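Read through the structure below, which is laid out as C-alpha cells, and then see the notes.
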Amino acid sequence: MRKILFYKSKAKLFVLACLALANTAYPTHNFLGWIITLVFFLIIPGYLLLNTLRHGIRSRWLIVVLSLALSMLILMVSGLALNSLHTFGLTRPLTTLNIFIVLDLVTIALLLLNKKNHLKLPSLKIRATVEQVIVALGLTALPLLSIGGAIRLNNGGSDVLTMIMFAAIALLFMLLILRKGLQPLYAYAVFTIGLSVLLSISLRGWLIVANDIQHEFEVFQLASNNNYWNISLPKGDPYNACLSITILPTIISKITTIPAEYVYKAVFQVIFALGVVPIYFLIEKLRNAKLGLIGALIFISFPAFVNSMPYLNRQEIAFVFFGLLILITFLKMSPKPKTILTVLCLFGLILSHYSSGYITIGMLSLSWGVFKLLKLIKRQESPWPSATLPLLSMPIIIVALLFTFLWNMQVTGSSSNLTSTITQTLKGLWEGSSSQSNGVNYALLSPSTINPVQVLAKSAGSNASQVFYIPQQELPITHLGRTISRIISVSSLNSAIRSFSAKILQILLLLGTLLLFIRLGKKSSVYEIYYFSLVIACIILLVLITVLPQLSVDFSVNRLFQETLVIIALPIIVAAEFLLGFLKRYRTYISAFFFAFLFLDLSGFVPQALGGYPPQLALNNWGTDYDIYYIHKGEVVGAKWLSANDSGKSATADFYAQGRLNNIKIEGGVTNILNTVMTSTYLYQDYANVHYSLYGAFLGGDVIEYAFPDATLNRNLVYSNQSSRIYLKPE
C-alpha cells in the first residue's frame, strides 16, 4: 500500500486543522469554544486509535461510540502518565497548559500511526424522507423539553414540561416501531431518549444533587484544585481510585472551562446516553432492529436508570465500556482488532469503577465455565473459538484479574470495600445474618420483608427510644386517580404495578432463558452458546446478590440488574414475543406497547398522573427523594458558616445532612446524629430537618426517614437561614 503523506491527505490535514482550532477555541471561554474543544478530544483521538486497527465496522453510530470510549481511555491514561511526572519534580502536573501539550502530542502521535491508513472525512450528505425529518425533529426536542422541565422545577414551577417529555417518548417509540421507514432513526432515538431521561434527573438543582455524587465531586475537586491526583488522598478511598471521576473530569474541565458541576450534570450524561446505543446494536445483531429498540427502552426504563444513574458518574462511564465489551464480542471482526478492542474496554472499565470491574470479571469467569459445560451437554462440535471470542480466552480473563488486583490492591490500595464485603458475607453465612437491602423484596427468591422500624431501632442504639420511623409521603390523588379509586385504591394499584413490573421482568427472564436453551443444538454457533453462557452467568450473579447476606447492602441489587440488562434484555423480549405468539405478526407491536407502558410507569408519569405514590425527584419539589438529595444554596451557606465558626469543636448531623458537609472542613469532625450520644457541640440541620422535622438515614442499603423530637433539646440556635439551622450545646 502506498504511503499517504500528510500534505496529500485532506482528511489528515483536516484533523490537524481541527486540532489547532480545539486549542485556539479554549481562550475564547464561550459555549461554542467549549463544544469545539470537548467534541474534538472526546472523539478524534479514539477515532485515530480505532482507525489503526482496521476494524471493518461500517456503522457510523458504532464508530462514534467506540471512538468516544477509546478517547476517554486515552484521556485517563494520558492524564495518569502526566500525573506521574509529580514523582520527578513537577508539582502541579495537571495544569491546563500541561494537559493541552500532552493531548496534542498524543493526537499527533496517533496521526503518525495512521500514516499508511486512509482516513475518511465525515459525509454531510443526508438522505431522509419527510416523515423521517419530522420524527427526527421530535426526537431532538426531547432533550430540550427535559432541560426546560428541570429548570422550570428548579425555579419552583410545575412538572408540565417533564410530563410532556415522558409522554412524547412513549408516543415516538411506538411510532418508530409501527413505521418501518423510520428504522434509520433507531440509534438516534435510543440516544435522545436516554439523554432526555438522564437530564431530567441530573439537571435538578443548581448545585450537585444527591449523596454518592457529593463524594465523587469531592475527589474530582481534590484533583482539579491541586492540579494533581494524589493516589493516597484520601487514603484507601475507592472513589479516589476511579479515574473516571478524578482524572477524566479534571481534564475535561481544564480544557473547556465548563463549570465543574456541569461536567457531571451534563457532559457525563451525554457520554452515558451514547453508551446506551451499543445495547441496541447488540440485540439488533442477535435478532433484529425492532427488538433492539425495545431492548434499549427496557434498559432506560429500569428504576436505577430513571432514578439514580446520573448520581453515579463512575458507574456511567464503566457502563459505556461494559456495553461495548459485550457488543464487540458478537461483532464479525478479524481476531487481532477484536482482541485489542476487548482488552482496551476491559482496562477502561477497571480504571473507571472498582465494583463494575469485580462484577465483570466474575461474570466472565462464570460464563467461561458455563460455556465449557454447555459444549459437553449439547455436544457442540465447533473448534475452541478464543480467536473469534476473546472473552473466552482464559489468558485475557487472567490478565483482567491481575490488572484489577494490581490497580485496586497494589497501586491505589482501594480494595477495602471488597475485603469488607467478603468478610461480612462469610460472617453472615456463618452466623445466619439477615443483613440485606429492601431492594431484594422485589426478587422472586426474596427473603422475608425487612421491617424498617426494627432496622432503625437497632441502628439508633441508645437513641432508639427517641427516634420514630416516618413512612414515605404519597402524592395527593388526582382527579383521574379519584375516578379510578371508585374501582380500586390508587395507592394499591401503583404498588401492585411496581411489584408486578419487577416480578414480570424476572419471570420473562427465566422463561426467555429456557427458550434460548431449548433452541440450542449441535448446529448452534459458538456465538449463540456463549451468549447463553453470559445470560446464565448474569442470573447466577443476581441470585447470589439476592440470597447472600450483606451483598445486597454493599452492591445495589438495582444497579447490578441494570448492568446485566445489557445482556438479559434479549431473553426478556424473547419470552414476551413467545407469550404473545398467538397474535402472530402483531406480537411485536403489543410487546412494544407493554414496555412503553412500563416506561411510563417506572419513569413516574403514571403515578404522577394518578397520585397515591411517593413523589419522584424528576417531577416534584417535595417528597423523600427531594428531602435527601436536593441541595439548597442555604444549606451550603450554613455549612460554610459552621466551618468558619466551629473553633475546633465537633458537630453532628443526620446521614444526608452530613453529605452537605462533605467538602466543608469541620476540625472536630462530624458524627451521625442517629447513633451518637448527644455530646457533640454543634447540631447542623438541612432543609428537611428545618421544614419538616424529618431526618434521613441509609440503613441496610435503603433510605429511612425518621423523627427525632429531642434533637435540639438543651441546644441554642446560633445560626439560621431558610434552608439550614445550626444549634450549639452550651458547655
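The values are calculated or read from the model by the stated rules, or taken from the named source; none is laboratory data. What you see is a predicted model, and the numbers here were worked out from it, not measured in a lab. All Cβ positions, even for glycine, are placed from backbone atoms using ideal geometry, and neighbour counts span all protein chains on display. Note: areas computed on protein heavy atoms with side chains; ligands, DNA, RNA excluded. Shrake-Rupley method; radii C 1.70, N 1.55, O 1.52, S 1.80 Å.
Between HIS691 and LEU510, the modelled label-to-label distance comes to 4.4 nm, taking each label 7 Å out from Cα in the direction of the beta carbon.
Report the percentage of all Cα-Cα pairs in the range 202-298 whose separation exceeds 23 Å, rounded to a whole percent.
40
Calculated FRET efficiency, VAL453 to PHE593, Cβ-Cβ distance, R0 = 51 Å: about 0.80 to the nearest 0.05.
From most to least packed by mean Cβ count within 10 Å, the peptides 133-143, 273-283 give 273-283, 133-143. Note on surface exposure: SER352, SER499, SER647 rank SER647, SER499, SER352 by accessible area, highest first, 1.4 Å probe. The heavy atoms of ARG179 offer some 110 square angstrom of accessible surface to a 1.4 angstrom probe.
Look at the alpha carbon pairs under 8 Å that are at least 6 residues apart: their mean separation over the length of the chain gives a relative contact order of 14 percent. All other residues whose Cβ lies under 10 angstrom from that of LEU198 are scored, Lys and Arg at +1 and Asp and Glu at -1, for a net of 0.
If R0 is 60 Å, the Cβ-Cβ spacing of GLN722 and MET394 corresponds to a FRET efficiency of close to 0.50.
Here the range 444-515 and the range 307-338 have alpha carbon centers that stand 32 Å from each other. Counted over all Cα-Cα pairs of the chain, pairs farther apart than 33 Å make up 52 percent.
Are any of the pairs LYS254/LYS649; LYS12/LYS285; LYS633/LYS665; LYS10/LYS338; LYS332/LYS375 more than 26 Å apart by Cα-Cα distance, and if so, which? Over 26 Å apart, Cα to Cα: LYS254/LYS649; LYS12/LYS285; LYS10/LYS338. Can I get the semi-axes of the range 3-160's equivalent ellipsoid? Compute them from the C-alpha gyration tensor as square roots of 5 times the eigenvalues, in angstrom, largest first. Values for the range 3-160, descending: 32, 26, 14 Å. Computed on protein heavy atoms with a 1.4 Å probe, the accessible areas place SER78, SER693 in the order SER693, SER78, largest first.
For the range 28-89, the relative contact order is 36 percent, taking Cα pairs closer than 8 Å that sit 6 or more residues apart in sequence and dividing their mean separation by the residue count. Relative protection proxy for 252-264, 80-92, from highest mean packing down: 252-264, 80-92 (other beta-carbon atoms within 10 angstrom). Fully extending the segment from LEU32 to ASN155, taken as 0.36 nm per residue of separation minus the present Cα-Cα distance, adds 41.7 nm. Label positions at TRP206 and ARG54, each projected 7 Å from the Cα along the C-beta direction, are separated by 5.7 nm. Distance from the C-alpha centroid of the range 162-202 to that of the range 215-291: 24 Å, rounded to the whole angstrom.
For the listed peptides 198-209, 597-608, 519-530, 99-110, a ranking on the average number of other beta carbons within 10 Å per residue, highest first, reads 198-209, 597-608, 99-110, 519-530. Dividing the summed helix terms, -39500 (n - 2.57) for each DSSP H run of n ≥ 4, by the number of residues in the chain produces a 222 nm estimate of -19500 deg cm²/dmol to the nearest 500. Rounded to the nearest 10 square angstrom, TYR354 shows an accessible area of 20 square angstrom against a 1.4 Å probe.
Across the range 83-97, coupling constants 3J(HN,Hα) worked out from phi with the 6.51/-1.76/1.60 Karplus curve, θ = phi - 60°, read 4, 5, 5, 4, 5, 9, x, 7, 5, 10, x, 8, 7, 4, 4 Hz, and Gly and Pro carry x. Working note: Cα gyration tensor of the range 646-731, eigenvalues times five, square-rooted, sorted largest first, giving semi-axes of 19, 15, 13 Å.
Electrostatic tally near GLY295: other residues with Cβ closer than 10 Å to its Cβ, Lys and Arg +1, Asp and Glu -1, net +1. Ranking HIS353, HIS215 by solvent-accessible area of protein heavy atoms (1.4 Å probe, all protein chains present), from largest to smallest, gives HIS215, HIS353. With R₀ set to 30 Å, the beta-carbon distance separating LYS372 from LEU579 gives a calculated FRET efficiency near 0.40.
The simple spin-label model puts a point 7 Å past each Cα toward its Cβ; for GLN466 and TRP622 those points are separated by 2.9 nm. For the range 518-648, the convex hull spanned by the alpha carbon atoms encloses 216 Å³ per residue.
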